[in-house]
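Participant: Here it is, the structure in full.
The values are calculated or read from the model by the stated rules, or taken from the named source; none is laboratory data. Note that the structure is predicted; figures quoted are calculated from it, not measured. Every residue, glycine as well, gets a Cβ built from its backbone with ideal geometry; the counts of neighbours run over all protein chains shown. To get the accessible areas, we keep the full protein, side chains included, count just its heavy atoms, and leave off ligands, DNA and RNA. Shrake-Rupley method; radii C 1.70, N 1.55, O 1.52, S 1.80 Å.
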Amino acid sequence: MAKEIERKFLVTNPGFKTLSDGSVHISQGYLCRDIDRTVRVRIMGERGFITVKSRNHGMTRGEWEYEIPVDEALEMLSLCEHIISKRRWYVRYAGHTWEVDEFEAPHRGLTIAEVELGCEGETVEAPGFIGEEVTGNPRYYNSTLSAPADE
């Protein structure tokens, strides 16, 4: 099984931008937002992806991601109730690549950094823009952020 092991943190200041190796715009929606499984459709720049993720167990969950034609990703996004738009910045720091997501409306002002690990016990040195850890907090799952306001 493909596994994703990651930690998530709130970002306290825009200093990550000066450390960034670049960024990409992302539009994504969810075909399924069940607690045990999500199915996400995403367009990153000019590329389309579909991703299936299992329920989190600590920092670990199953993840299967496949590139798909961007026109098919657009069709699938049209089936999604809400679309998340964000800019992802890439920051290499102390041997890890941090993905920093700066959300657009209606979540403007929210910035979350994620770092993928090789195992749950791996230590990571956090750059100065990192704040509170929110790993495992469903409030900060992208699938939750894509939910209608009344859910």
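Participant: In the full protein assembly as shown, how much of residue 135 is accessible to a 1.4 Å probe, in Å² to the nearest 10?
Facilitator: Solvent-accessible area, nearest 10 Å²: 40 Å².
Participant: So if I take the centroid of the Cα atoms in the stretch 19-50 and the same for the stretch 75-139, what is the distance between those two points in Å?
Facilitator: Answer, in whole Å: 12.
Participant: First measure r as the distance between the Cβ atoms of residue 47 and residue 123, then evaluate 1/(1 + (r/R0)^6) with R0 = 30 Å and state the FRET efficiency to the nearest 0.05.
Facilitator: Values: r = 32 Å, r/R0 = 1.08.
For R0 = 30 Å, the calculated efficiency reads 0.40.
Participant: Tell me the carbon and sulfur percent of the accessible area for the chain, rounded to whole percent, probe radius 1.4 Å.
Facilitator: Details: 4070 of 8170 Å².
The nonpolar share, carbon plus sulfur, comes to 50 percent.
Participant: Tell me the per residue accessible area of the chain using a 1.4 Å probe; a whole number in Å² is fine. Display every interim value, and only then the final one.
Facilitator: On the way: 8170 Å² over 151 residues.
Value for the chain: 54 Å² per residue.
Participant: Hey, got a sec? Which trypsin sites (Lys or Arg not before Pro) in the stretch 8-82 land in a DSSP loop and have at most 16 other Cβ atoms within 10 Å? Walk me through the intermediate numbers first.
Facilitator: On the way: sites: 8, 17, 33, 37, 40, 42, 47, 53, 55, 61; in loops: 55.
The qualifying sites are 55.
Participant: Next question. Take the Cα atoms of the stretch 52-138, build their convex hull, and give its volume per residue in Å³.
Facilitator: 144 Å³
Participant: Estimate the FRET efficiency between residue 135 and residue 71 by the formula 1/(1 + (r/R0)^6), using the beta-carbon distance for r and 35 Å for R0, to the nearest 0.05.
Facilitator: Numbers: r = 35 Å, r/R0 = 1.00.
Once rounded, the FRET efficiency stands at 0.50.
Participant: Please arrange 80, 119, 32 by accessible surface area, largest first, computed with a 1.4 Å probe and ligands excluded. Don't jump to the answer; show the numbers that get you there.
Facilitator: On the way: 80 15, 119 65, 32 40 Å².
These residues rank, largest area first, as 119, 32, 80.
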